[in-house]
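First the structure, in the form of structure tokens, and then the observations on it.
Where a number appears in this text, it was derived from the coordinates with a stated rule and is not lab data. Remember, predicted model here, so these are calculated numbers, not experimental data. Ideal geometry is used to build each Cβ from the backbone, glycine not excepted, and the neighbour counts take in all protein chains shown.
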Amino acid sequence: TWPFAKGKTYRLGHWQNKNVPDPYQHDQAVFDETCQLIQQCVADWKPYI
């Protein structure tokens, strides 16, 4: 894979220990939940960037 990226690459949900689900082919409610999770995860990253 990409050994030079080890320890430098993180998931968006790293600080919440969550994965962001792919809402593709789901209803609007799943898109809304995913959007909310992304917003929360981005807010968690702010202190670190």
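So the values come out like this:
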read-out: Structure-based [θ]222 nm, the chain - -39500 (n - 2.57) summed over DSSP H runs of at least 4, per residue, nearest 500; value: -12500 deg cm²/dmol
read-out: By average C-beta atoms within 10 angstrom, highest first, the peptides 32-40, 17-25, 2-10; value: 32-40, 17-25, 2-10
read-out: Between helix 28-45 and the chain: long-axis angle, C-alpha atoms, 0 to 90°, nearest 10; value: 30
read-out: Stokes-Einstein diffusion coefficient of the chain, Kirkwood radius over Cα pairs, 25 °C, 0.890 mPa s, in µm²/s; value: 201
read-out: Relative contact order [Cα under 8 Å, 6+ residues apart], the chain, whole percent; value: 38
